[in-house]
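To start, the structure under review is shown below, and the notes come after it.
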Amino acid sequence: MKTFLKNAFKKLRYKDYFWFLSFLIILTKSNLFLAIFRTPNSAYLDFSTMYFGVPPIGTHIFFSMLFIAPVLLFKGRGKLYSALALNVILSIMLVLNLWYYRAYQGFYSIRHIMHPELFNPLARSIVNFKIIDIIFFIDIIILTVHIFRNKDIYKNIKRNAGGFVIVTALGCGWIFFDHLMIDVWEKGMPGQMVFRNSWAPFQTMSNLSPIGYWTYDIYRTLNEGRDYKLSSQEEEKISNWLKWKKENISDNNYKAILKGKNIIALQIESLENFVINSKVHNQEVTPNLNRMLSNSLYFNNLYEQNSGGTSSDADLMFNTGLLPTKEGAVVFRYPSREVETLPKLLQGKGYKTISAKAEKPGSWNWVEMHKGTYKFQEVWDINSFKIDEIIGLGLSDGSALSQIEEKIKDIKKPYYLNYSTLSTHGPFEIPEEKKYLKLPENLDKNILGAYFQSLRYMDEEVGRFIKKLEESGDLKDTVIVIYGDHGGVHKFYSEEMADAELSGDWWKKYDEKIPFIIYNPDIKGEVIETVGGTADMFSTTAYLIGIEEDKFIDKSYGRILVKTNRNFALLEDGRIMGEAGVNDKPYVSEARDISDMIIRSNYFKSR
């Protein structure tokens with residue numbers, strides 16, 4: 001056997017076997033990476049978590065092949081050295097990305113070079129070696145020893161330019177065909193994606209493979225994330241629009257009525273306006289929110305204006321007053337922009353600003369956005385919470401709000417805290433012991449009943465949270481802002497809810513409205529029926545707090561809903577709700593284009 005193996009090796013020593021071996025190693029390491037990073041602390045192998053479904057296998061294979069293809073252009077032992085060098089580069093990249101993922105549940109990106117402020121935004125340790133990391137370097141040690149102990153191998157191997165051309169053409173062709181089949185023609189398996197960005201970086205990585213992910217990230221960042229160059233006509237168009245937007249109305253008694261108070265903004269997942277003050281089987285869906293209205297400014301004609309960024313678009317609009325871009329999600333395309341924001345305005349008034357989500361920082365790239373664009377001083381991500389009760393997508397609203405109530409006791413006042421809830425995310429799965437509505441079984445099992453139960457649970461926990469603030473004596477000096485991020489059961493489950501057995505038609509129509517409630521015990525309850533949209537919450541909140549109007553009014557889309565003679569909202573699809581006069585309508589219709597150009601061009605950077 002020894003003689004046989006020796007003779008076999010002699011036959012192979014002058015063949016180009018090392019390129020194919022390197023390709024297999026690159027492919028194997030890519031898959032090992034996928035099997036590691038989603039395990040707890042990314043500390044061991046679990047092949048059951050590496051894919052979300054059937055991946056585009058050909059895409060994975062050919063990205064690895066394209067990565068090692070340049071080796072074919074070398075001759076002699078240059079092939080060995082170049083293949084080993086690429087192997088080392090890949091191994092280092094995989095380990096560095098593991099380290100970053102352990103800290104942020106995201107990956108290194110070229111945007112971190114273009115915008116250094118986005119790199120390690122929470123100043124965490126990103127050198128977090130674990131024993132599993134060694135797996136990426138074992139082969140390198142073995143191959144290095146093999147190459148330098150056998151200095152006569154590969155000396156006579158020729159350059160293979162034809163092979164390089166064939167591999168490159170076949171690889172690019174196959175990947176492009178996968179893109180057409182899966183992304184364009186939608187002929188792939190359920191859940192498959194190639195060149196589509198997922199809300200979670202780990203899903204995009206799993207779809208494309210590490211090499212494919214980095215390739216796509218570079219293309220997307222350079223192609224989509226660069227500043228758009230405005231023409232002189234577009235500059236003039238934006239300037240004229242911003243001039244039109246200013247109404248020049250005298251201040252009224254709403255100005256600064258919340259001056260100096262702490263602000264806790266609760267962005268409620270999937271909260272639609274139709275449930276406010278509504279009853280199902282003679283039970284209030286949101287009894288605590290309903291009671292708050294007697295001491296609230298309640299805006300009952302506010303329309304959602306979200307685009308492809310869903311909840312992240314609500315973040316954007318509340319904190320900047322700008323409409324989202326027409327294509328893609330701002331959080332992925334433009335996480336670092338010079339715009340006016342509520343956190344920055346409040347910091348100018350001496351506020352401590354905190355953004356909080358009990359989510360992984362890489363999900364929807366929210367941490368980079370909240371630090372890079374909104375400029376929150378402090379961020380609490382999932383690592384800032386004790387994950388002791390899971391409901392639906394993550395930490396329960398009850399646990400999260402209880403922990404927040406404890407955390408804010410030590411925060412210097414005044415402060416602005418923005419928290420996004422999770423428990424009311426579809427498909428609205430609430431444990432039986434947390435269901436506070438008594439519904440008939442057929443309704444309770446329908447998606448509409450599940451939606452009601454989830455909102456009733458959220459409402460109960462918000463009520464408890466406010467009660468604790470009252471008991472501690474902090475409620476008097478605190479404003480609670482509650483708003484829905486976007487539609488819920490109507491927007492995403494219209495077919496399922498059509499079978500709901502519930503009398504009346506109050507629940508059937510999707511009016512695309514979300515509630516906007518500003519609560520404090522000293523406020524005299526009032527329903528404000530002015531028609532507006534999500535982006536109007538920014539200017540309205542800033543005005544009520546007492547921010548000087550000239551600091552924000554010409555740097556956003558939104559209006560001050562308690563100080564306006566206009567009564568309309570522009571929806572994502574171009575429809576105008578409410579009434580826009582003949583002279584105003586052209587400006588209203590182009591508002592999304594204006595906001596899109598402002599964000600893409602980084603319009604306020606040099607102004």
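What to note about this one:
- Residues in segment 232-267 that are out of contact with any helix residue (DSSP H, G or I) (no Cβ under 7 Å at 6 or more places or on another chain), assigned to a loop (DSSP other than H, G, I, E, B) and loosely packed, with under 13 Cβ neighbours inside 10 Å: Lys246, Glu247, Asn248, Ile249, Ser250, Asp251, Asn252, Asn253.
- Top-ranked residue of segment 166-196 - restricted to ones that are more than 14 Å from Leu66 (Cα to Cα), surrounded by fewer than 20 Cβ atoms within 10 Å (Cβ to Cβ) and touching a Phe, Trp or Tyr at 6+ places or on another chain (Cβ under 7 Å), ranked as modelled with the highest pLDDT: His179
- The residue list His490, His486 contains one member that is over 17 Å from Met317 (Cβ atoms), in contact with an Asp or Glu (Cβ under 8 Å, 6 or more places away or on another chain) and not hydrophobic (A, V, I, L, M, F, W, C), which is His490.
Every residue, every condition in (1) in a helix (DSSP H, G or I); (2) exposed (fewer than 12 other Cβ atoms within 10 Å of the Cβ); (3) in contact with a Cys (Cβ under 9 Å, 6 or more places away or on another chain); (4) at pLDDT 95 or above, yes or no:
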| position | (1), (2), (3), (4) |
| --- | --- |
| Phe9 | yes, no, no, no |
| Leu27 | yes, no, no, yes |
| Leu34 | yes, no, no, yes |
| Leu45 | no, no, no, yes |
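- Among the residues listed as Ile517, Ile523, the single one being open to solvent by less than 10 Å² (accessible area, probe 1.4 Å), in contact with a strand residue (DSSP E or B) (Cβ under 7 Å, 6 or more places away or on another chain) and not in a helix (DSSP H, G or I): Ile517
- Neighbours by Cβ (under 6 Å, 6+ apart or cross-chain): first from segment 72-95, among the charged types (D, E, K, R); second at pLDDT 95 or above and open to solvent by less than 10 Å² (accessible area, probe 1.4 Å): Lys79/Val71
- When residues in segment 203-216 are screened for being over 18 Å from Ile110 (Cβ atoms) and crowded, with 22+ Cβ neighbours inside 10 Å, 2 of them pass.
- Qualifying positions in segment 332-364 - among the polar types (S, T, N, Q) and either under 27 Å from Ser109 (Cβ atoms) or surrounded by 19 or more Cβ atoms within 10 Å (Cβ to Cβ) (or both): Ser336, Thr341, Thr353, Ser355, Ser363
- Failed criterion for Asp593 (all others in (1) open to solvent by less than 50 Å² (accessible area, probe 1.4 Å); (2) of a type in the set (Asp, Glu); (3) in contact with a helix residue (DSSP H, G or I) (Cβ under 9 Å, 6 or more places away or on another chain) hold): (1)
- Selection within segment 567-590 - open to solvent by 30 Å² or more (accessible area, probe 1.4 Å), among the aliphatic types (A, V, I, L, M) and modelled with pLDDT of 95 or more: Ile576, Met577
- Tallying residues that are among the hydrophobic types (A, V, I, L, M, F, W, C) and open to solvent by 10 Å² or more (accessible area, probe 1.4 Å) within segment 448-496 yields 3.
- Residue in segment 83-99 that is part of a loop (DSSP other than H, G, I, E, B) and either open to solvent by 20 Å² or more (accessible area, probe 1.4 Å) or under 30 Å from Glu359 (Cα atoms) (or both) present: no
- Residue tally, condition open to solvent by 10 Å² or more (accessible area, probe 1.4 Å) and touching a Pro at 6+ places or on another chain (Cβ under 7 Å), over segment 268-290: 2
The values are calculated or read from the model by the stated rules, or taken from the named source; none is laboratory data. All values derive from a computational prediction rather than experimental measurement. Heads up, the Cβs are rebuilt from the backbone with ideal geometry, glycines too, and the neighbour counts pull from every protein chain shown. For the accessible areas, the whole protein counts, side chains as well, though only heavy atoms, and no ligand, DNA or RNA atoms are used. Shrake-Rupley method; radii C 1.70, N 1.55, O 1.52, S 1.80 Å.
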